[in-house]
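**Q** Mind having a look at this structure? Questions to follow.
The values are calculated or read from the model by the stated rules, or taken from the named source; none is laboratory data. These figures come from a predicted structure and were not determined experimentally. Counting neighbours? That spans all protein chains shown, and the Cβs are built from the backbone with ideal geometry, glycine included.
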Amino acid sequence: MKKRVLAMALVAAMAGTMLTGCGGNGGNSSNTGSDAGSAGTEADASAPAADGAKVVKIGVYEPASGDNGAGGKQEVLGMQYANEETPTVEIGGEEYTVQLEIVDNESSNDKGPSAASSLVSAGVSVVLGSYGSGVSIAASDVFKEAGIPAIGVTCTNPQVTEGNTHYFRICFLDPFQGTVLANFANANFSAKKAYILTKLGDDYSTGLGYYFKEAFTGLGGEVIEETFQEGNSDFTSYVTKAKNEGAEVFFAPVSTEAAALIIEQAAAQGLTIPMMAGDTWDSNVILNAAKGKDVQIYVTTFYQEGGNADFDNGFKGYINSNPTATANNGGDDTISAVSAMGYDAYYVALEALKAAGSTDPAAVNEALWKVNYTGVSGSITFDEVNGDAMRDTAYVKCANTESGEWDFVAEQGVN
Amino acid sequence: MDWITKNLPYLMAGVSVGGQYALIAIGYTMVYGILRLINFAHGDIFMVAGLIMVYATTAMPIYIAIPLMIVVTVFLGFMVERVAYKPLRSAPRMSIMISAIGVSYLLQNMALYVTGGLSQQYPTIPWISDTVTIFGATTKRVTLITPVLTIVLVVALVLLIKKTKIGMAMRAASRDFETSQLMGIKINSVISMTFIIGTFLAAVGSLLFFTNYTGVTPTAGAMPGLKAFVAAVFGGIGSIPGAVIGAFIIGICENIIKGLGWTTFSDAFTFALLIVILIAKPTGLFGEKATDKV
């Protein structure tokens, strides 16, 4: 009996030390929520004292862990920065404080809906997110049933907005992005054979892979397709295959987590052909993985650093002023396109709230159709069928493996 | 020559990943041999070893970080046994199994908390991370070192078990737990030793594995752990040479399947192989015949 009590005490002690031990650098994910909360309360204090209690909640449905955790955190940073810059909004003649309700969908299609439900029960007026198409599709019905409109930030798969009236989107779509990439591969590398690597069960990855293939074969090219599974970390045989088949470009629209492994192993095996990917690869995770290695990496993305000096400086200042923000941005102040998109999404939501003149989700949903906003990433208006932003340009960037920065290559449309 | 250049990378990847699975599989098989317990937390200890290395190298030079990582990991393995398994020694086997699953999730969630869910870049270890070229195929030096190091460690382990006193005690304990206790073997120290050896090998395995595949995530240990477990069962759980051979077979087959272009099915194949072998030979390749003690 004594022994059992002792064992119990030991368990408690072990768990205890682990918790305290991790306290120092642990708070990355859990702090984001409370940060937003405290930003909200600070804003409360500075709001007109007469009716400082008016609060409108904007839900943030983003991954903070899992495959897309890195990208999700950067997207949230954009929103938090925007929230800090403009913490209040005038709705129907009254000043409201905007409070961000941040949840973590864990990059998982299974866990997304329950995160979405917690936003619904928090009583948000509009939802922003997510990074990653799969989780957006997974949570779509939860928002639909609750009658809450959602603004997709960087989910590029067409299915997110297709056939519904509550999901909007401010970025370009994969059929467009896939075509841009295929055109670029054809024009710049005169590639006739492409190797496509996608992740099984990932809507974004398989979708973009499919549209790239369509466009590339349409240009007379030939493709080799392969897939990998969740949890795979051995990409050597895929790289070998691409080499053996004589592919001229390596196209891998995958999460940054897998991408870092692919780059590492491609470099180890001396893969010299250009590697291309979509918007997910526009991240400092990729830059860090590629730094000092002999690889060529090209990506398409939503925003090019330098596109809007005010935003760039302000955002860098925000990241550098706050250690949690620096950690969430991957340890440096490189601006990811997803942060700019998160920033724009926040202002689109404010525009919709203003136009609706009410915090009622149904009114916001109606108002969103007519929103016309020019953000740092360009002009945003929604088409009348699916609520997709009308976008016609993507930026192509190339990773500079010496300086660890993105070099601007071209602004590309489809024609 | 051209054929070799094209296909050698698959074989090298297979042998190297097989070696890494083998180092993990020994931990499963030894613990099973003595305690009849499948230590589900083993794959997660492997992952934690990777994380310790990531954090250790930010604070100290690599030649201190490596021994420190091994020592801390071994201590963790030892503590897990003392805290989560030892108090349950006389409990039904199912309870210990559930406790092992609990430890596994505890470690994963601790890692999630510490890392914030993001993939951590494993440090580059000089020399073994260098790129080398053999027969026109380029790879990291660690790919070549892994099988050699695995075999050296396994030979050392087998010698330890066959020639030393503690090895003899281990063999006795795995043969008959209760009787060996009656013969004056200090069963607790034997079990602790088993865990220490198992986690030591897992720590070395993690060093080799993450040098090749450089992202450490909270779930990074799950798949290698599962594959190593399959390898241990495949070779006959409880048998050390069996685990090693099973691991090499699985690693090589997996990469050949990928090389043939059936990438989608490479994991399915691993598990199908397990089912087939269990149907044909329920005790695995080198498994001892099941003798029910009456």
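**Q** Please enumerate the residues belonging to segment A:171-204 that are aliphatic (A, V, I, L, M), assigned to a helix (DSSP H, G or I) and touching a residue at least 40 places away in the same chain (Cβ under 8 Å).
**A** A:Val180, A:Leu181, A:Ala185
**Q** Turning to a different aspect of this structure: I need every pair where a residue in segment B:169-186 that is surrounded by fewer than 18 Cβ atoms within 10 Å (Cβ to Cβ) has its Cβ under 8 Å from the Cβ of a residue that is among the basic types (Lys, Arg), sequence separation at least 6 or different chains.
**A** Here the result reads B:Asp176/B:Lys293, each pair linking segment B:169-186 to a residue that is among the basic types (Lys, Arg).
**Q** When you go through A:Asn244, A:Asn288, A:Asn284 one by one, which is the residue that is more than 8 Å from chain B (Cβ to nearest Cβ) and either within 20 Å of the chain's Cα centre (by Cα) or modelled with pLDDT under 90 (or both)?
**A** Working: A:Asn244 fails: more than 8 Å from chain B (Cβ to nearest Cβ); A:Asn288 fails: more than 8 Å from chain B (Cβ to nearest Cβ).
Unique residue meeting the criteria: A:Asn284.
**Q** For the structure I just gave you, tell me whether A:Lys316 is in contact with a strand residue (DSSP E or B) (Cβ under 9 Å, 6 or more places away or on another chain), outside any strand (DSSP E or B) and touching a residue at least 12 places away in the same chain (Cβ under 8 Å).
**A** Spelling it out, it is not the case that A:Lys316 is in contact with a strand residue (DSSP E or B) (Cβ under 9 Å, 6 or more places away or on another chain), outside any strand (DSSP E or B) and touching a residue at least 12 places away in the same chain (Cβ under 8 Å).
**Q** Can we say B:Lys258 is at pLDDT below 90 and crowded, with 21+ Cβ neighbours inside 10 Å?
**A** So B:Lys258 passes the test.
**Q** Might you let me know whether segment B:86-102 holds any residue that is of a type in the set (Lys, Arg), outside any helix (DSSP H, G or I), farther than 18 Å from B:Ala49 by Cα and at the interface with another protein chain (Cβ under 9 Å from one of its Cβ atoms)?
**A** no
**Q** Identify, please: which residue in segment A:141-163 is within 19 Å of A:Val348 (Cα to Cα) and of a type outside the set (A, V, I, L, M) and is, among those, surrounded by the fewest Cβ atoms within 10 Å (Cβ to Cβ)?
**A** A:Gly147
**Q** Test each condition in (1) at pLDDT 90 or above; (2) touching a helix residue (DSSP H, G or I) at 6+ places or on another chain (Cβ under 6 Å); (3) on the phi > 0 side of the Ramachandran plot for A:Ile263 and report the one that comes out false.
**A** Failing condition for A:Ile263: (3).
**Q** Look through B:Tyr122, B:Tyr105, B:Tyr113 and report the one residue that is under 30 Å from A:Ser255 (Cα atoms) and touching a Cys at 6+ places or on another chain (Cβ under 8 Å). Explain how you work it out, then say what you get.
**A** Numbers: B:Tyr122 fails: touching a Cys at 6+ places or on another chain (Cβ under 8 Å); B:Tyr105 fails: touching a Cys at 6+ places or on another chain (Cβ under 8 Å).
The conditions single out B:Tyr113.
**Q** Residue check: is B:Met110 within 20 Å of B:Pro218 (Cα to Cα), more than 14 Å from every other protein chain (Cβ to nearest Cβ), in contact with a helix residue (DSSP H, G or I) (Cβ under 7 Å, 6 or more places away or on another chain) and crowded, with 18+ Cβ neighbours inside 10 Å? Show your work before the answer.
**A** On the way: within 20 Å of B:Pro218 (Cα to Cα): yes; more than 14 Å from every other protein chain (Cβ to nearest Cβ): no; in contact with a helix residue (DSSP H, G or I) (Cβ under 7 Å, 6 or more places away or on another chain): yes; crowded, with 18+ Cβ neighbours inside 10 Å: yes.
In short, no.
**Q** Within segment A:317-338, is even one residue of a type in the set (Asp, Glu) and modelled with pLDDT of 90 or more?
**A** Of segment A:317-338, the ones of a type in the set (Asp, Glu) are A:332-333.
Within this subset, residues satisfying the condition of being modelled with pLDDT of 90 or more are none.
No; the residues of segment A:317-338 include none that is of a type in the set (Asp, Glu) and modelled with pLDDT of 90 or more.
**Q** Also: Of all the strands (runs of 3 or more DSSP E) wholly in segment A:351-404, which have at least 1 residues that are of a type in the set (A, V, I, L, M, F, W, C) and in contact (Cβ under 8 Å) with a residue 12 or more places away in the chain? Break it down into steps so the answer makes sense when it comes.
**A** Values: elements: A:372-375, A:378-381, A:394-400.
By residue number, A:378-381, A:394-400.
**Q** OK, next. With the condition kept exactly as written, say whether any residue in segment A:207-222 is within 11 Å of chain B (Cβ to nearest Cβ) and closer than 15 Å to A:Thr156 by Cβ.
**A** Of all residues in segment A:207-222, those within 11 Å of chain B (Cβ to nearest Cβ) come to none.
Within segment A:207-222, not a single residue is within 11 Å of chain B (Cβ to nearest Cβ) and closer than 15 Å to A:Thr156 by Cβ.
**Q** For A:Ala47, all conditions in the list (1) surrounded by 17 or more Cβ atoms within 10 Å (Cβ to Cβ); (2) small (Gly, Ala, Ser); (3) under 30 Å from A:Glu230 (Cα atoms); (4) at pLDDT below 50 hold save one; what is the number of the exception?
**A** Unmet condition: (3).
**Q** Let me ask something else. For A:Asp203, which of the numbered conditions (1) within 8 Å of chain B (Cβ to nearest Cβ); (2) at pLDDT below 90 fails to hold?
**A** For A:Asp203, the exception is condition (1).
**Q** Does B:Thr29 satisfy being over 22 Å from B:Ile237 (Cα atoms) and hydroxyl-bearing (Ser, Thr, Tyr)?
**A** Answer is no for this residue.
**Q** Another question about this same structure. Take the conditions farther than 21 Å from B:Lys227 by Cα and under 16 Å from the mean Cα position of the chain (by Cα) and apply them to B:Ile96. Does it pass? Steps first, please.
**A** Details: farther than 21 Å from B:Lys227 by Cα: yes; under 16 Å from the mean Cα position of the chain (by Cα): no.
In short, no.
**Q** Confirm whether A:Ala327 is touching a Leu at 6+ places or on another chain (Cβ under 7 Å) and assigned to a helix (DSSP H, G or I). It would help to see each step written out before you state the result.
**A** Working: touching a Leu at 6+ places or on another chain (Cβ under 7 Å): no; assigned to a helix (DSSP H, G or I): yes.
Judged against the criteria, A:Ala327 is not a match.
**Q** Still on this structure, I have one more. If B:Thr57 satisfies all but one of (1) of a type in the set (Ser, Thr, Tyr); (2) away from chain A (no Cβ under 14 Å); (3) surrounded by 20 or more Cβ atoms within 10 Å (Cβ to Cβ), what's the number of the condition it fails?
**A** (3)
**Q** Within segment A:241-258, how many residues turn out to be in contact with a strand residue (DSSP E or B) (Cβ under 7 Å, 6 or more places away or on another chain) and part of a helix (DSSP H, G or I)?
**A** Looking only at that region, the number is 4.
**Q** Exactly one of (1) more than 14 Å from chain A (Cβ to nearest Cβ); (2) not in a helix (DSSP H, G or I) is unmet by B:Ala169. Its number?
**A** The single condition B:Ala169 does not satisfy is (2).
**Q** Next up: Identify all residues within segment A:275-289 that are buried (at least 21 other Cβ atoms within 10 Å of the Cβ) and farther than 20 Å from A:Ala191 by Cβ; write none if there are none.
**A** Hits for segment A:275-289 are A:Asp279, A:Thr280, A:Asp282, A:Ser283, A:Asn284, A:Val285, A:Ile286, A:Leu287, A:Ala289.
**Q** Another question about this same structure. Can you tell me which residues in segment A:247-274 are away from chain B (no Cβ under 12 Å), crowded, with 23+ Cβ neighbours inside 10 Å and farther than 20 Å from B:Ser119 by Cα?
**A** Within segment A:247-274, A:Val249, A:Phe250, A:Phe251 qualify.
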